[in-house]
């Protein structure tokens, strides 16, 4: 897991309405398996070796905004947005076919409804499609052990739906 830290603020704009924002720094470069370049493979370091090849991810800042509106004592609705820098450099797309973490924007809506002695919560989240075009991303055959050269473009789009029911014992 990469080191990360952040800070945030929440403001209760009205008795039923809260606004929140925070910023987070994720230091992918501090974890070799995530931050090291695939070029270490061509230098002779095998996968899984100490300080061996990784995904080549850069550190990112994540900016988040959110709001919650208490429609009634039993119903709260929420919405949020986050944006982060691009962790995957164009020269590192080849290995990132395995973990194409290239999306930069996330939108979410959700609600919690108190019913039957518990709470029913649900959400919908969307990260629109994002592509990183490779640039010298597939290592050539020279030096020996290369992969023939070329480009690997990576794309990711995420749609997530969740629902949960919880109660206190």
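Available extension along the chain between residue 97 and residue 133 is 11.8 nm, counting 0.36 nm per residue and deducting the alpha carbon span.
In a GNM of the chain with a 10 Å cut-off on Cα contacts, which of 50, 20, 90 has the highest mean-square fluctuation? Looking only at 50, 20, 90, the biggest GNM fluctuation is shown by 50. The slack between residue 61 and residue 17, meaning 0.36 nm per residue of separation minus the straight C-alpha distance, is 13.2 nm. With contributions of -39500 (n - 2.57) from each DSSP H run of at least four residues, the per-residue ellipticity at 222 nm computed over the chain stands at -500 deg cm²/dmol.
In the chain, the ratio of gyration radius to Kirkwood radius, Rg to Rh, stands at 1.12 when only Cα atoms are counted.
Here the range 100-169 and the range 18-37 have alpha carbon centers that stand 15 Å from each other. The ranking of 1, 61 from fewest to most other beta carbons within 10 Å of each one's beta carbon is 1, 61.
Between residue 159 and residue 71, the distance separating the two model label sites (each 7 Å from Cα on the Cα→Cβ line) works out to 2.3 nm. Taking all Cα pairs closer than 8 Å and separated by 6 or more residues, the relative contact order of the chain comes to 16 percent. Put simply, when 129-135, 160-166, 2-8, 93-99 are sorted by average Cβ atoms within 10 angstrom per residue, most first, you get 93-99, 129-135, 2-8, 160-166. Is the range 41-116 best put as rounded, prolate or oblate by its Cα gyration tensor, with a ≥ b ≥ c the root eigenvalues, rounded for a/c under 1.5, and otherwise prolate when a/b is larger than b/c, oblate when not? The shape class here is prolate.
All of the numbers you see were taken from the coordinates with simple rules; none came from a lab. Being a predicted model, the structure only gives us computed values, none of them experimental. Neighbour counts run over all protein chains shown; Cβ positions are idealised from the backbone, glycine included.
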